[in-house]
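Quick notes on the structure that follows.
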């Protein structure tokens, strides 16, 4: 019995060592960091029907190249529609690349991949588990959701590809998300570099575009920047950013499980008199995530923050508004997984209220359609919900 116990301890120690070494390795890997550029023309998209109508129309209009990356694609009708468009464009001679996350798109059928490749579509999966650092790689996700079409039109935000994003999941109902479409060649070029970097990480041979700027310049009026992060880099950025809040912090996220450093920044903001508001969904798409968030909500309420639950469908947006002129919108959730492990990409904007108006209007419209949460509401849940929260607490970084 002692021998078995010793063996289990050794296995656990090796697993923890593998995970920590993997985390250290990927944190040291070169990334493109922060990429400053001039303002872009953008369109704010908040519903699945508008997103897919616009996205598919732009794909059909492509003349030269299409580069798409999603965390989730499925085998359902809307996904098949995407595949048919990509196959058609490849047969027309358009260069088509589709990159999906190995875990996020685990259910994608091999016969679908074979059919895409047979039509000339280049398809790869990010982050399949491999050695070394097997356990860390198993937990690593490419959560970026971007598309670049003819190096001119680009998409970035929260939508994946599946029927639920059209509101066809009866449990979740109408889907609310924030995605932007840009018609700006400078942003498209930068996104293409990032896409090529991710594609090359699958060990396929494809030339990279010239390197992006490495140093972050001062954010001036009407300044935009891309934050390309993984392995803890986003946490560093958010800690620095949240400390600068003077009047207000508004957070929109489907999940709220912040790291200690980020959470302490929010509590400190409350203590400084900053108005902190969190908008999250009333419905849940995961058995453990929402119950695990409740202790954080409770502490935020006690610190003076406001918490609202959106109850007109499922709220999946990823947004931070800082004071009146700062905005961060992209693919990262407000949780430990996005902060510490995922590959994410966010667009930070420092601009006047007129430029940010479409984004701010979307958030405050959703806030009006939500209800304020009280401690009484948080406490009024069945025992199984509370047990799920206890279990979730043990596996917080992996939710």
Could you check the spin-label model distance between residue 81 and residue 365? Points 7 Å from the Cα along Cα→Cβ, value in nm. 2.1 nm
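Normalised by the empirical 2.2 N^0.38 Å for globular proteins, what value does the Cα Rg of the stretch 215-325 take? All intermediate terms of the calculation are to be shown ahead of the outcome.
Numbers: Rg = 14.6 Å, N = 111, 2.2 N^0.38 = 13.2 Å.
That ratio works out to 1.11.
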Distance (nanometres) between label positions extended 7 Å along Cα→Cβ at residue 354 and residue 260: 4.7 nm
Apply the Kirkwood formula to the stretch 302-343: the hydrodynamic radius equals the inverse of the mean of 1/r over all pairs of different alpha-carbon atoms; give it in Å with one decimal. 12.7 Å
Reciprocal of mean inverse Cα separation for the stretch 40-129 (Kirkwood radius, Å): 13.8 Å
Using only the alpha-carbon atoms, what does the stretch 229-289 span along each of its principal axes? Please give whole angstrom values in decreasing order. 35, 27, 16
Quick one: order 297, 255 by neighbouring beta-carbon count within 10 Å, fewest to most. 297, 255
The FRET efficiency for residue 92 and residue 201, from their Cβ-Cβ distance with R0 = 35 Å and rounded to 0.05, is 0.80
Cut-off 10 angstrom, C-alpha nodes, Gaussian network model of the chain. Which of 91, 337, 176 fluctuates the most? 91
Diffusion constant of the stretch 49-190 at 25 °C, which comes from Stokes-Einstein with the Kirkwood Cα-pair radius and 0.890 mPa s, µm²/s: 156 µm²/s
If you stretched the chain out fully between residue 43 and residue 110, how much longer would it get, using 0.36 nm times the residue separation minus the C-alpha to C-alpha distance? 20.6 nm
Mind computing the radius of gyration and Dmax over the alpha-carbon atoms of the stretch 249-399? Å is fine for both. 15.0, 47
Rounded to whole angstroms and listed largest first, the alpha-carbon spread of the stretch 274-344 along its three principal axes comes to 35, 32, 26
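Considering Cα pairs under 8 angstrom that are at least six residues apart, work out the relative contact order of the stretch 314-366 and quote it in whole percent.
33 percent
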On a C-alpha basis, how far is the centre of the stretch 231-293 from the centre of the stretch 72-132 in Å? Whole number, if you could? 34 Å
Convex hull over the Cα atoms of the chain, averaged projected area in nm²? 20.9 nm²
Quick check for you: which residues of the stretch 289-330 have the amide N under 20 Å from the point 7 Å beyond the Cα of residue 246 toward its beta carbon? 320-328
Quickly rank 188-194, 49-55 as a protection proxy: mean count of other C-beta atoms within 10 Å, highest first. 188-194, 49-55
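Cα-Cα pairs above 19 Å in the stretch 105-164: how many percent?
53 percent
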Residue 268-residue 53 pseudo-label distance in nm [points 7 Å out on the Cα-to-Cβ vector]: 4.6 nm
Could you list the square roots of 5 times each eigenvalue of the Cα gyration tensor of the stretch 141-210, that is, the equivalent ellipsoid semi-axes, sorted largest first and rounded to whole Å? 28, 16, 8
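No lab work stands behind these numbers, since they all come straight from the coordinates. All of these numbers come straight from a predicted model, not from anything done at the bench. Note that each Cβ is placed from the backbone with ideal geometry, even for glycine, and that neighbours are counted across all protein chains shown.
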